[in-house]
Amino acid sequence: MIVRRSPQELERLRRSGLVVHEVLRSVAAAVRPGVSTWDLEEIAQRAIKERGATPAFRGYRGYPCVLCASVNDQVVHGIPTRKRILAAGDVVSLDCGVVLDGYYGDAAMTTVAGGEELLSPSLRRLLDATRESLAAAIEVARPGNYLGDISHAVQRHVEASGFSVVREFVGHGIGTHLHEEPQIPNFGAPGSGPKLREGMVLAIEPMVNQGSAEVRMMPDGWTAVTADGGYSAHFEHTVAITKDGPWILTQP
Ligand code: MF3
Ligand code: CO
């Protein structure tokens with residue numbers, strides 16, 4: 001069952017969504033050469049605490065940190081560590097979730113140590129295509145459309161851009177738990193799956209590889225990396241479906 005949230009619940013989800021946005025903004029502002037991914041974790045911890053929220057990831061199925069920081073060929077769930085010192089041109093995907101007042105928010109973004117200007121044209125297109133695929137998916141997150149329309153919008157844009165969609169990880173419903181129904185694959189047929197209705201809240205999160213879609217798990221049991229060593233990008237927003245269209249809760 002896909003839970004539908006009342007306007008009062010959406011207001012609470014909005015508050016946690018804005019906290020996630022602010023946390024990610026603080027962390028992203030600190031991404032530069034010489035900084036470790038553990039430094040980013042500490043910034044996230046502080047930013048969450050300062051806003052009276054609780055981390056959503058730490059302890060979730062045993063995940064040890066409040067932030068995921070996935071560098072270059074790491075796709076998702078990179079565990080922050082003092083040993084990973086960022087170098088100029090590193091592509092860093094930041095993913096964070098919080099709970100505030102019992103309601104969850106979840107968002108992710110990909111940024112570059114030293115600035116996007118350092119990227120090759122192909123990598124710049126990878127980041128653009130991933131960002132645009134999320135925007136295309138959000139655009140169709142409206143009452144009367146279908147879940148498959150969201151999945152298809154991501155897949156279509158990513159593949160038309162010459163990149164590939166990761167299959168092993170999906171977006172998800174979100175509300176009083178981090179992961180609720182439905183699962184939201186980043187590939188699928190338009191018009192398929194459940195009909196979207198007012199009050200549904202979805203965390204839509206395309207994970208896009210430069211080369212092949214295939215991923216492998218690192219021995220830490222969390223970090224997913226591309227099988228071919230190509231780079232990967234990840235953008236995520238928590239989005240409410242309203243009668244007036246998509247409401248991006250994790251964006252001011
Ligand atoms: N945004 C990811 C998700 O919603 C991050 C989860 S990391 C975990 O699945 F640690 F919480 F598992
Ligand atoms: Co998520």
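Please treat every number below as a calculation from the coordinates, not as lab data. Because the structure is a prediction, the values reported are computed rather than measured. Ideal geometry is used to build each Cβ from the backbone, glycine not excepted, and the neighbour counts take in all protein chains shown.
Taking ASN209 as the residue in question, decide whether it is within 14 Å of ligand 2 (Cβ to nearest atom), buried (at least 21 other Cβ atoms within 10 Å of the Cβ) and not small (Gly, Ala, Ser).
no
When you go through THR250, THR223, THR176, THR242 one by one, which is the residue that is within 13 Å of ligand 2 (Cβ to nearest atom) and in contact (Cβ under 8 Å) with a residue 12 or more places away in the chain?
Of THR250, THR223, THR176, THR242, the one residue that is within 13 Å of ligand 2 (Cβ to nearest atom) and in contact (Cβ under 8 Å) with a residue 12 or more places away in the chain is THR250.
Count, please, the residues in the stretch 137-159 that happen to be under 17 Å from the mean Cα position of the chain (by Cα), under 16 Å from VAL239 (Cβ atoms) and not small (Gly, Ala, Ser).
Residues that pass the stated criteria total 4.
Within the stretch 79-100, can you find the residues that are within 14 Å of ligand 2 (Cβ to nearest atom) and either more than 18 Å from the chain's Cα centre (by Cα) or closer than 13 Å to GLU41 by Cα (or both)? Break it down stepwise before answering.
First pass over the stretch 79-100, keeping only residues within 14 Å of ligand 2 (Cβ to nearest atom): 93-99.
Matches in the stretch 79-100: SER93, LEU94, ASP95, CYS96, GLY97.
Which residue, of VAL154, VAL158, VAL208, is among the aliphatic types (A, V, I, L, M) and in a strand (DSSP E or B)?
VAL208
Name the pairs whose Cβ atoms lie under 7 Å apart, with the first residue in the stretch 122-137 and without any contact (Cβ under 8 Å) to a residue 24 or more places away in the chain, the second surrounded by fewer than 21 Cβ atoms within 10 Å (Cβ to Cβ), and 6 or more positions between them or separate chains?
ARG124/GLU116
Pull up the stretch 101-124, narrow it to residues that are in a helix (DSSP H, G or I) and of a type in the set (Asp, Glu), then point me to the one that is nearest to ligand 2 (Cβ to nearest atom). Can you show your working first?
Within the stretch 101-124, the subset in a helix (DSSP H, G or I) is 116-118, 121-124.
When the remaining residues are screened for being of a type in the set (Asp, Glu), the result is 116-117.
Working: GLU116: 23, GLU117: 29 Å.
If we take residues in the stretch 101-124 being in a helix (DSSP H, G or I) and of a type in the set (Asp, Glu), then GLU116 is nearest to ligand 2 (Cβ to nearest atom).
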